[in-house]
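Novice: Sharing a structure with you now.
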Amino acid sequence: MQIEIKTKKSEGVERLLEVSVPVELVQQAEEQTARRYATSARLPGFRPGKAPAALVRKKFKEAIRQQTLESILQDAYQEVISREQLKVVSTPHLHDVRFDEGKPLVFELHVEVRPEISLARTQGFKLTKPVSAISSDGVRDQVAQLRDQRATWTPVVEKPAPGDLVTVLLSTADDAGVLPEGKEYRLTLGGGQAIAGIEELIMRLAPGETAEESVRWPDDFPDEAQRGKTKPVRVSLQEVKRKALPELDDTFAREVGDFESLDALNTAVRTDMEAHAQREADASVRQQLIDQIVQANAFDIPPSWVTQMVDGYLKAYQVPDDEKQRFTAEFRPIAERQVRRDLIIDSIAEKELLKASEADVDERVAEVAKKRSADPGQVYASLQKAGRIQEIERSITEEKVFKWLLERNTVE
């Protein structure tokens, strides 16, 4: 397609091109469109496809022009991408389209392209691997959490204390000072679920009792309009339940995970915590490495990729509409960091031939199947159906890239 292309802007990943389609090509395209219309047009007094061409052109002039424009723009876009060898990464935008009769079709094409990354330096960096010693207190705290998860709640008939689970009917006066009918709430006292003044009122009651008094809202209350206000509150305490923890013994260990003894449980918890600490340390080293590579090798990234990642997290976390702006502002730097990380990994994997192969994926699936005591073929089919194969490929590629990088850099 003989079109004229002028570059108006070429900065980083942004391209702005002015495209001009000769009037001869425009006229040819319009003639072809008109002939297609003539073969199927239905006009009163004529059989389908037998209406005079001039009459068809007059009757469907705007439709023919619009279809011609769309056809030329699509063909011209493909020609620009091919000729300029653009690796487009986002939806293209057309601006300032000029489509006048008897004149060339002229428009501006604005696109983002995949950045050309030249990693001049990927070696010689010094990285620090954090050391996290697992203390006996840490193991004890983790076991305490397991114990707390298996606690039972027993009703009591005495006044509640911090840590108790209470069921209350709570009523707060409106701006006119009127106390509406109470609503039922289940609260764990001391857990920050109610303001301190209301919790203090609850802890003065025994089950079945009701109290009403004025309570002052704290100065740091999330709703600024309510801060420092004092208003009547009515509380009816319906039920108090107290937590009963299981005995910390061999029986508890067997119930948690079929461990032979409490010592075996403690050992397993320590091993798990050490493995987690190791993964965290490795992740820290990898992130340090990526950050230093970014600092040593400047490159632009497509803003649309960052936006897509932010939008993905907005959807995944189901962020409410009124929180989206704040979330986006906070998360965008993290998304930019992730996009740079992905580009660096892809660039090294391609240059050093480190991409995961089919054999790599098959081997990883076989490992998964072995752990599940399942057939590898069935596991592969299941993972493929769930869309997990690409995730496995990516994981293997990243492992290869970081192994390659860490062999060429110093970890202290």
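Novice: How many nm separate the modelled label positions at THR251 and ASP75, each set 7 Å beyond the Cα in the direction of the Cβ?
Specialist: 8.5
Novice: Something else now. How many angstrom lie between the C-alpha centres of the stretch 303-361 and the stretch 255-269?
Specialist: Using only Cα atoms, the two centres lie 39 Å from each other.
Novice: Please check: in the Gaussian network model of the chain (C-alpha springs, under 10 Å), which one of ASP291, ASP322, ASP141 has the largest mean-square fluctuation.
Specialist: Its mean-square fluctuation being the largest, the pick is ASP322.
Novice: Which entries in the list LYS8/LYS355; LYS126/LYS370; LYS129/LYS400; LYS87/LYS400; LYS370/LYS400 go over 31 Å, if you measure between the two C-alpha atoms of each?
Specialist: Over 31 Å apart, Cα to Cα: LYS8/LYS355; LYS126/LYS370.
Novice: To continue, here is another question. Show that you can apply the helix-only estimate: for the chain, add -39,500 (n - 2.57) for every DSSP H stretch of four or more residues, divide by all residues, and state [θ] at 222 nm to the nearest 500.
Specialist: Taken over the chain, the calculation gives -16000 deg cm²/dmol.
Novice: Solvent-accessible area of ARG57, probe 1.4 Å, all protein chains present, reported in Å² to the nearest ten, please.
Specialist: Here the accessible area works out near 90 Å².
Novice: What are the equivalent ellipsoid semi-axes of the stretch 146-244, built from the alpha-carbon gyration tensor (square roots of five times its eigenvalues), in whole angstrom, biggest first?
Specialist: Over the Cα atoms of the stretch 146-244, the ellipsoid semi-axes are 26, 16, 10 Å.
Novice: Among all the lysines, which ones have a C-alpha under 26 Å from LYS183's C-alpha, if same-chain residues fewer than 8 places away are not counted?
Specialist: LYS159, LYS229, LYS231, LYS241, LYS243
Novice: A follow-up question, please. With the dipole of the stretch 213-262 worked out from charges on the C-beta (+1 for Lys and Arg, -1 for Asp and Glu) around the Cα centre, which of THR230, VAL240, ALA253 lies farthest toward the positive end?
Specialist: THR230
Novice: Which aspartates and glutamates does LYS371 reach when only Cα atoms under 12 Å apart count, and residues fewer than 8 places away in its own chain are ignored?
Specialist: The qualifying aspartates and glutamates are none; the list is empty.
Novice: Could you tally the net charge around VAL19, taking each other residue with its Cβ under 9 Å from the Cβ of VAL19, Lys/Arg +1 and Asp/Glu -1?
Specialist: After counting each charged neighbour, the total is -3.
Novice: In addition: Select from ILE195, ILE396, ILE293 the residue whose mean-square fluctuation is largest in a Gaussian network model of the chain (Cα-Cα springs shorter than 10 Å).
Specialist: ILE195
Novice: Now a separate question. Would you please give the residues with an amide H less than 5 Å from that of LYS229, counting only those at least 5 places away or on a separate chain, with H modeled from the backbone geometry?
Specialist: Counting only residues 5 or more places away or on other chains, the set is TRP217.
Novice: Grab the other residues whose beta carbon is less than 13 angstrom from that of SER10, score K and R as +1, D and E as -1, and report the net.
Specialist: -3
Novice: Here is a follow-up. Just add up the charged neighbours of ASP300: K/R +1, D/E -1, any other residue whose Cβ is under 14 Å from the Cβ of ASP300.
Specialist: Net local charge, ASP300 excluded: 0.
The values are calculated or read from the model by the stated rules, or taken from the named source; none is laboratory data. Fair warning: this is a prediction, and the values are worked out from it, not measured in the lab. All Cβ positions, even for glycine, are placed from backbone atoms using ideal geometry, and neighbour counts span all protein chains on display. Remember, those area values only see protein heavy atoms, side chains included, never the ligands or the DNA or RNA. Shrake-Rupley method; radii C 1.70, N 1.55, O 1.52, S 1.80 Å.
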